[in-house]
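The values are calculated or read from the model by the stated rules, or taken from the named source; none is laboratory data. This structure is a prediction, so every number in the text was calculated from the model and none was measured. Cβ: placed from backbone, ideal geometry, glycine included. Neighbour counts: every protein chain shown.
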Amino acid sequence: MKIKRSLAKEGDVLAEDIFSMTNHPIMNKHTVLTARHLSVLDRFLIEEIDILRDTVKTEKREKESMRKKEEQNSHEIKDDSFVSIYLQAVKKYKLLFENWRAGALVSILDVRNTIFPAVLKGMDDPRSILMLHHYTKAKEYIYFHAISVAVLSAFLGKRLKLSRGDCLQLALAGALIDCGMAKVSSNLLHKEGPLTSEEMKEIKQHTIMGYNMLKKAAGIKEAVLLGVLQHHEREDGSGYPLGSKGDHLHIFSKILAVSDVYLAMTEERPYRDKQSGFKVLEMMMNDQFGCFDHRVLNSLIDSLSIFSVGTQVKLTNQEIGEIVFIEQAYPTRPMIKLKTSQEIIALKNRRDLFIEEILS
């Protein structure tokens, strides 16, 4: 009897061979399903299978499953916060990425449907952008990073006066900048220690592999392709894969470069804790001067420096304070009145401290 994949369980026996995008079955008739088999079915997006099982028990379980799913959907509809929508996008993107690793082609429509709810919710909200690095799980970094880059890139595109259509295309490019990682050795994706020179050489191929993957996708625009290919290029020519610079870089590439680096430096990684966004902004301004388009980087700094006198903040030493004065020359380092001691400190003179979060 045919049932939905979601109703299959360990111990069920296949009544027919299962095919996907292959000439040979990915699973043979009479296979006794295990947890690994169920995972493979999910990766290949198999929606229905034919099994040998008691009909009455199946129908009862199907009704119960449908009831639970309706309750879950009802709960999800009520929770329309950015965090909820963002986490749903990450979950769906993970499935897409695993399918690419298994050999599936990239569907632009599927990627759009996955990311756009989060992009549209977050692209007008600087506070949501400031919180992105708090959601990332180190072991699933690549999935969180894709959605975060999509949201931040659209956010920056809008502030740089790009059209709404271009902002959404920019978000699409942001979600796809690391699609080529699906073709990189799996052990490199989750390696916790430093990469060898040979491993780094392989990782750097992800821009070209991603470009080649996307050339085959229906409905993709040239700007998206260039964004994916060039997002590791730098204004001074120090990037890769071609060492292009300045006017030879597409505006999408310039925006994606800033978004990618800012988020990569703030997010938790297997080998490093998350970092303050304001600390990272300073590092990008100072340590990596000349690498990024100044219009894009200044737009990010201006957008995220959403302070006003009276704003409550948490510092990297976990102390809470209130902003009492902002110097225009130091937008990320205002004067803070500490809540516990009532001491007023000037962050421009305290290079060991940064703003960790804006509280209110």
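Would you mind stating whether His248 is farther than 26 Å from Asp125 by Cβ and in the same structural domain as Leu170 (by TED's automatic domain parsing)? Yes.
Region 284-338 holds strands (runs of 3 or more DSSP E) entirely within its bounds, and those carrying 2 or more residues that are within 26 Å of the chain's Cα centre (by Cα) map to 312-315. Close contacts from region 222-244, counting a first residue that is over 22 Å from Asp166 (Cβ atoms) and a second that is buried (at least 17 other Cβ atoms within 10 Å of the Cβ) and of a type in the set (Val, Ile, Thr), with Cβ to Cβ under 8 Å and a gap of 6+ residues or different chains, come to Tyr240/Thr207; Pro241/Thr207. Out of region 20-51, which residues are in a loop (DSSP other than H, G, I, E, B) and at pLDDT below 80? Result: Ser20, Met21, Thr22, Asn23, His24, Pro25, Ile26, Phe44, Leu45.
Reported count of residues in region 223-262, each being among the hydrophobic types (A, V, I, L, M, F, W, C), buried (at least 16 other Cβ atoms within 10 Å of the Cβ) and not in a helix (DSSP H, G or I), is 1. Tell me yes or no: at least one residue of region 271-278 is touching a Leu at 6+ places or on another chain (Cβ under 6 Å) and among the hydrophobic types (A, V, I, L, M, F, W, C). No: region 271-278 contains no residue that is touching a Leu at 6+ places or on another chain (Cβ under 6 Å) and among the hydrophobic types (A, V, I, L, M, F, W, C). Scanning region 189-204 for residues being at pLDDT 80 or above and either part of a loop (DSSP other than H, G, I, E, B) or over 17 Å from Tyr240 (Cα atoms) (or both) gives a total of 4.
For the residues Ser186, Ser163, Ser153, the requirement of being assigned by TED's automatic domain parsing to the domain that holds Leu263 and touching a Leu at 6+ places or on another chain (Cβ under 6 Å) singles out Ser153. Restricting attention to region 108-138, the residues being outside any helix (DSSP H, G or I), buried (at least 16 other Cβ atoms within 10 Å of the Cβ) and more than 13 Å from the chain's Cα centre (by Cα) number 1. Beta carbons closer than 9 Å, at least 6 apart along the sequence or on distinct chains, pair a first residue in region 187-199 that is of a type in the set (A, V, I, L, M) with a second that is part of a loop (DSSP other than H, G, I, E, B) and surrounded by 12 or more Cβ atoms within 10 Å (Cβ to Cβ) for Leu188/Leu195.
So that you can scan it fast, the table gives a plain yes or no per residue for (1) β-branched (Val, Ile, Thr); (2) assigned by TED's automatic domain parsing to the domain that holds Asp236; (3) without any contact (Cβ under 8 Å) to a residue 40 or more places away in the chain:
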| site | (1), (2), (3) |
| --- | --- |
| Gly277 | no, yes, no |
| Glu282 | no, yes, no |
| Gly290 | no, yes, no |
| Leu297 | no, yes, yes |
| Glu319 | no, no, yes |
| Ile323 | yes, no, yes |
| Gln328 | no, no, yes |
| Leu347 | no, no, yes |
| Arg351 | no, no, yes |
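Exactly one residue out of Met284, Met335 is aliphatic (A, V, I, L, M) and under 29 Å from His190 (Cβ atoms): that is Met284. Residues in region 156-183 that are over 30 Å from Pro126 (Cβ atoms) and either surrounded by fewer than 18 Cβ atoms within 10 Å (Cβ to Cβ) or of a type in the set (Asp, Glu) (or both): Lys183 alone. Residue-level check: of (1) within 24 Å of Tyr93 (Cα to Cα); (2) part of a loop (DSSP other than H, G, I, E, B); (3) not basic (Lys, Arg), Gly11 misses just (1).
Here's a check for you: in region 211-221, which residue that is part of a helix (DSSP H, G or I) and in contact (Cβ under 8 Å) with a residue 40 or more places away in the chain is surrounded by the most Cβ atoms within 10 Å (Cβ to Cβ)? So, considering only residues that are part of a helix (DSSP H, G or I) and in contact (Cβ under 8 Å) with a residue 40 or more places away in the chain, the one surrounded by the most Cβ atoms within 10 Å (Cβ to Cβ) is Leu214. Considering each residue of region 280-313, count those that are over 21 Å from Gly122 (Cβ atoms), charged (D, E, K, R) and surrounded by fewer than 18 Cβ atoms within 10 Å (Cβ to Cβ), and give that number. Total satisfying the criteria: 3.
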